[in-house]
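Reading through the structure tokens given below for one structure.
The values are calculated or read from the model by the stated rules, or taken from the named source; none is laboratory data. In this text the structure is predicted, and so the values were computed from the model without any measurement. Cβ placement follows ideal geometry from the backbone for every residue including glycine, while neighbour counts extend to all protein chains displayed.
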Amino acid sequence: MIIDEEKEALDSKTSQTVLELKSAIAFQGKGATQKKVEILRVLRRLLSQSEVPPIEAALQAGAVPLLVQCLSFGSSDEQLLEAAWCLTNIAAGEPEHTKSLLPSLPMLIAHLGEKSSTPVAEQCAWAVGNVAGEGEELRNILLAQGALFPLARLMMSNKGSTSRTSSWALSNLIKGPDPKAANELIRVDGLLDAIVWHLKKADDELATEVAWVIVYLSALSEKATSLLVKSDVVRLLVGRLVASESLQMLIPVLRSLGNLVASDSYMIDVVLIVGHTITDELLSGLIKCLKSEHRVLKKEASWVLSNIAAGSLEHKRLIYSSEATPLLINFLSSAPFDIRKEAAFTLGNLCVAPPKNNEQPGIIVVHLVSLIDSGCLPGFLNLIRSADIESARLGLQFLELVMRGLPNGEGPKLVEREDGIEAMERFQFHENEEMRNMANTLVDKYFGEDYGLE
């Protein structure tokens with residue numbers, strides 16, 4: 001009851017403040033500007049109070065059009081800042097609250113430009129970032145209204161907080177799924193130089209936001225990926241990976257590196273050459289994350305390793321002979337499912353030779369035998385028995401390697417001893433045609449009429 005009364009009082013105070021703002025805007029006498037600033041400050045503080053701020057009350061009282069009026073060019077910086085801050089707080093509310101800011105977007109975007117002071121532009125970037133984070137529809141509206149370029153310009157600022165806020169807003173703005181914004185961003189003159197500069201010089205907070213920009217650029221834009229891998233970005237990301245203990249920093253750094261390895265062969269062929277310092281440092285940083293207590297770092301590092309392990313024979317040997325392999329083997333048997341899955345991708349990739357001319361991939365028998373001797377097969381069989389189709393497919397692919405690749409025809413016998421036939425037969429009448437055909441083909445090929453005959 002007390003909470004309800006407090007909320008009612010807060011809503012009432014907010015509605016009254018909006019009405020006072022309306023009166024202050026209409027008033028043209030002495031002290032009018034200062035009066036508006038004082039009321040805006042009160043409203044801004046009200047909108048940031050409590051776990052459930054009185055956004056709905058402000059909207060119902062007509063706050064948004066009044067705040068848009070307060071963003072008029074020629075207004076004092078203090079007024080502009082407070083009005084933008086109020087809109088930022090509203091945009092941080094529920095989805096319908098964020099959508100209510102649509103009438104304010106042209107003015108917020110206009111104040112991202114060079115005519116506005118840095119504090120005002122930064123606050124408007126924060127508001128725009130909140131709106132962009134709400135979903136694809138609002139992102140498209142912001143992009144259509146020209147938010148991308150001024151945010152990119154702000155990202156190049158020498159002021160840390162401005163660069164940080166605009167980087168965060170940009171990562172929200174370009175996150176897709178449409179790649180158009182990412183492709184446009186990487187073409188902005190000076191953008192790549194700014195990314196490199198911030199990764200090299202910035203504190204962890206700014207570098208983290210810049211790393212998220214790299215995540216979306218590398219996930220969505222082939223052009224961006226090509227430019228990023230040929231710049232100093234990879235070396236700087238690896239440096240951050242090795243040096244940082246910040247979970248917030250390491251997540252986007254790992255994701256960026258994984259995207260870059262997966263998306264551009266230049267990374268494996270030219271940048272991450274086995275024997276080079278950068279490659280050794282990357283592997284060291286990934287092993288650090290595999291040993292972390294944080295589940296998300298274990299998963300992300302396993303995923304990056306799976307992408308590297310899909311590369312050359314030298315890369316497979318490097319990972320296989322490193323401390324990563326026993327850690328991944330342990331994950332396969334004991335980690336949560338999402339980590340087991342990523343570990344399995346890496347271990348499976350370690351056993352497959354790079355394909356030649358579209359032939360069936362060869363098998364690295366030494367790696368396969370070693371993994372089997374380490375007890376990996378039950379872990380892959382458990383993936384086959386899982387409800388996740390991608391994991392089951394991976395398990396079947398590994399079984400095929402075992403049955404085809406173990407010396408002296410031992411593969412099928414081992415699979416039978418470990419109840420692998422039963423695992424495959426689960427797909428005998430499965431609704432997924434690919435999985436059904438895959439499993440039935442393996443059973444027919446390795447356990448057909450001639451199986452067991454000497």
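Worth pointing out:
- Across segment 226-266, the qualifying residues are those that are crowded, with 17+ Cβ neighbours inside 10 Å and among the polar types (S, T, N, Q), and the one among them that is modelled with the lowest pLDDT is S263.
- Residues (among the aliphatic types (A, V, I, L, M), over 20 Å from S246 (Cβ atoms) and out of contact with any Lys or Arg (no Cβ under 9 Å at 6 or more places or on another chain)) located in segment 296-318: L305, L313, L318
- Selected residue (only one of L43, L87, L101 is among the hydrophobic types (A, V, I, L, M, F, W, C) and either touching an Asp or Glu at 6+ places or on another chain (Cβ under 7 Å) or farther than 14 Å from V128 by Cα (or both)): L43
- A single member of G31, G62, G129 is at pLDDT 95 or above and on the phi > 0 side of the Ramachandran plot, and it is G62.
- Test: residue in segment 132-152 that is among the polar types (S, T, N, Q), crowded, with 19+ Cβ neighbours inside 10 Å and assigned by TED's automatic domain parsing to the domain that holds G62: no
- Close pairs from segment 159-188: first closer than 15 Å to W212 by Cα, partner among the β-branched types (V, I, T) and not in a helix (DSSP H, G or I), Cβ under 9 Å, at least 6 apart: A181/I174; A182/I174; L185/I174
A quick yes/no check of all residues on (1) surrounded by 15 or more Cβ atoms within 10 Å (Cβ to Cβ); (2) polar (S, T, N, Q); (3) touching a helix residue (DSSP H, G or I) at 6+ places or on another chain (Cβ under 6 Å):
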residue	(1), (2), (3)
G409	no, no, no
I421	yes, no, no
F429	no, no, no
M435	yes, no, no
M438	yes, no, yes
D444	no, no, no
G448	no, no, no
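- Only listed residue being within 21 Å of K22 (Cβ to Cβ), among the hydroxyl-bearing types (S, T, Y), in the same structural domain as P177 (by TED's automatic domain parsing) and in a loop (DSSP other than H, G, I, E, B), chosen from S75, S116: S75
- On the stretch given as segment 375-400, residues that are within 14 Å of A343 (Cα to Cα) and either of a type in the set (S, T, Y) or assigned by TED's automatic domain parsing to the domain that holds P326 (or both) total 1.
- Checking segment 312-325 against the condition returns a match, with at least one residue being β-branched (V, I, T) and surrounded by fewer than 23 Cβ atoms within 10 Å (Cβ to Cβ).
- Among residues of segment 337-360 that are in contact (Cβ under 8 Å) with a residue 40 or more places away in the chain, those with a beta-carbon under 9 Å from a residue that is surrounded by fewer than 14 Cβ atoms within 10 Å (Cβ to Cβ) and among the polar types (S, T, N, Q) at least six positions away or on a different chain give the pairs R340/S334.
- Summed over segment 154-190, residues that are of a type in the set (A, V, I, L, M, F, W, C) and more than 18 Å from E122 (Cβ to Cβ) total 6.
- Q397 being part of a helix (DSSP H, G or I) and polar (S, T, N, Q): yes
- In segment 405-420 there is at least one residue matching the filter, namely being in a helix (DSSP H, G or I) and either touching a His at 6+ places or on another chain (Cβ under 9 Å) or among the polar types (S, T, N, Q) (or both).
- Some residue of segment 380-387 being among the hydroxyl-bearing types (S, T, Y) and not in a helix (DSSP H, G or I): yes
- Some residue of segment 63-72 being part of a loop (DSSP other than H, G, I, E, B), surrounded by fewer than 21 Cβ atoms within 10 Å (Cβ to Cβ) and not β-branched (V, I, T): yes
- Residue in segment 351-365 that is touching a helix residue (DSSP H, G or I) at 6+ places or on another chain (Cβ under 8 Å), among the aliphatic types (A, V, I, L, M) and more than 27 Å from G258 (Cβ to Cβ) present: yes
- Residues located in segment 26-55, provided they are within 16 Å of C86 (Cα to Cα) and hydroxyl-bearing (S, T, Y): S48, S50
- Meets criteria (polar (S, T, N, Q) and either buried (at least 24 other Cβ atoms within 10 Å of the Cβ) or part of a helix (DSSP H, G or I) (or both)) for S284: yes
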